[in-house]
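Just so it is clear, none of the values below were taken in a lab; they were calculated from the coordinates. Since the structure is predicted, the reported quantities are computational estimates derived from the model, not experimental observations.
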Ligand SMILES: [Zn+2]
């Protein structure tokens, strides 16, 4: 697998969330045992040392295919490779689809009626009142 492409994939599909510990979609557990940064109980750290992969940085995530993966896990690499191959093979069609969909949605949005929402206390122009009561 091309490691530079994999790095690009990680950057594209990473979430901006990190944590002390997490279970990957595959069931593997990971943790960052920095007790200055995270509030672990003694028993929790002992459990994690026996049942979890220790990382030297906070646990981070990728999200694609409606699933969440721990970045450091390798269970998602084969699926990512298939997706990268698909994206590369059909990049022109994908770009055309995204641009055409954007244009279609922009046209559809321009056709939508603007709805004004009044909150209590909002003032209406005088012509919007019927006998002094907003309707
Ligand atoms: Zn995994």
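Structure notes:
- In terms of its alpha-carbon gyration tensor, the chain comes out oblate; a/c meets the 1.5 threshold, while b/c is at least as large as a/b.
- Springs join every pair of Cα atoms under 10 Å in this Gaussian network model of the chain, and among 114, 94, 17 the largest mean-square fluctuation is at 114.
- Beta bridges from DSSP with both residues in the chain: antiparallel share about 85 percent, rounded to the nearest 5.
- GNM result for the chain, Cα springs below 10 Å: residue of 47, 30, 13 fluctuating most strongly: 47
- Candidates 50, 66, 116, ranked by Gaussian network fluctuation over the chain, Cα under 10 Å, top entry: 116
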